[in-house]
Amino acid sequence: MENEMTSMPRIGDKAPEFEAVTTQGKIDFPGDFKGKWVILFSHPSDFTPVCTSEFVMFAHLSEELAAMNCQLVGLSVDGVASHIAWLRTIHENIEFNGLKNMEFTFPLIADVKMEAAQKYGMIQPNESTTTAVRAVFFIDPEGIIRAIIYYPLSLGRNFDEIKRVLQGLQTIDKHHVSLPADWRPGKEVIAPPPATYQQAKERTEHPEEGLVCSDWFFCLKKLPEQEGKA
Ligand code: BEZ
């Protein structure tokens with residue numbers, strides 16, 4: 001398997017289409033979610049401990065994401081009966097991070113033939129030929145893939161980062177800005193750098209109000225909703 005290529009969609013691509021059976025009935029992906037952000041994620045297997053801890057956290061996050069116009073859609077290669085039994089077990093028996101009795105209102109795809117997983121490069125043969133890795137695809141309301149994170153089988157995902165990526169993408173689209181390292185809501189954003197030599201000179205000699213510049217190309221600013229806040 002070492003030389004086998006895994007085809008993976010890339011940032012900026014149209015999200016590959018598929019139909020699937022899920023714990024919430026059949027879905028047509030991504031068409032059924034047009035107009036919403038979608039986080040499509042895969043997990044290796046039902047009834048495994050890392051995945052179980054992640055599902056507690058996905059359930060916890062799903063309401064907050066809904067308030068951000070974002071739908072979670074999960075996927076593994078297990079069947080729908082296994083998914084239902086596992087989610088019921090998590091609801092009844094599992095406590096993690098102080099959370100218990102979790103409810104699952106988002107669809108979990110039963111991709112038993114690995115058709116969707118293959119389209120999204122979730123089967124990475126040198127990690128496992130029989131299960132999906134932990135992939136996270138951020139898809140915008142127009143069905144375009146905007147960010148991708150992959151984790152290996154034995155490392156649970158960081159849920160603060162999943163939420164931060166969505167918040168970041170929505171902020172980028174709303175304000176047409178870039179965001180610096182470790183940006184979080186409420187922190188300064190990057191002011192677009194000058195496009196010409198003359199603009200660079202003007203910015204150095206007469207910096208616009210509200211810009212904090214360390215150099216002509218590196219200026220931070222507050223977003224309008226942060227103006228006046230320390
Ligand atoms: C887990 O979720 O615990 C797990 C699943 C597949 C491989 C390794 C760990």
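The set of residues in segment 179-198 that are of a type outside the set (K, R) and surrounded by 13 or more Cβ atoms within 10 Å (Cβ to Cβ) comprises L179, W183, P185, E188, V189, I190, A191, P193, P194. Restricting the search to segment 6-26, which residues are touching a strand residue (DSSP E or B) at 6+ places or on another chain (Cβ under 7 Å) and closer than 20 Å to L61 by Cβ? Matches in segment 6-26: T22, T23. Can you find even one residue in segment 122-143 that is acidic (D, E), away from the ligand (no atom under 16 Å from the Cβ), within 30 Å of F41 (Cβ to Cβ) and assigned to a loop (DSSP other than H, G, I, E, B)? Looking for residues that are acidic (D, E), away from the ligand (no atom under 16 Å from the Cβ), within 30 Å of F41 (Cβ to Cβ) and assigned to a loop (DSSP other than H, G, I, E, B), one finds at least one in segment 122-143, hence yes.
Of the residues that make up segment 76-83, is at least one within 17 Å of Y120 (Cβ to Cβ), within 16 Å of the ligand (Cβ to nearest atom), within 16 Å of the chain's Cα centre (by Cα) and touching a residue at least 24 places away in the same chain (Cβ under 8 Å)? No, the conditions are met nowhere in segment 76-83. Pairs are defined by a Cβ separation below 9 Å, a sequence spacing of at least 6 or placement on different chains, a first member in segment 49-64 that is touching a residue at least 12 places away in the same chain (Cβ under 8 Å), and a second member that is more than 16 Å from the ligand (Cβ to nearest atom) and basic (K, R); the pairs so defined are V56/K100; L61/K163; E64/K163. With respect to S7, is the statement that it is within 23 Å of F159 (Cα to Cα) and touching a residue at least 60 places away in the same chain (Cβ under 8 Å) true? When the stated conditions are applied, S7 does not pass them. Would you check if E54 is within 21 Å of the chain's Cα centre (by Cα), of a type in the set (D, E) and within 16 Å of the ligand (Cβ to nearest atom)? Taking the combined requirement at face value, the residue satisfies it. Between D46, D32, the distinction of being acidic (D, E) and within 25 Å of P125 (Cα to Cα) belongs to D46 only.
Bear in mind these aren't lab numbers, they're just calculated from the coordinates by the rules spelled out. Since the model is a prediction, treat every value here as computed from it, not as a measurement. Please note: Cβ atoms are built from the backbone with ideal geometry, for glycine as well, and neighbour counts cover all protein chains shown.
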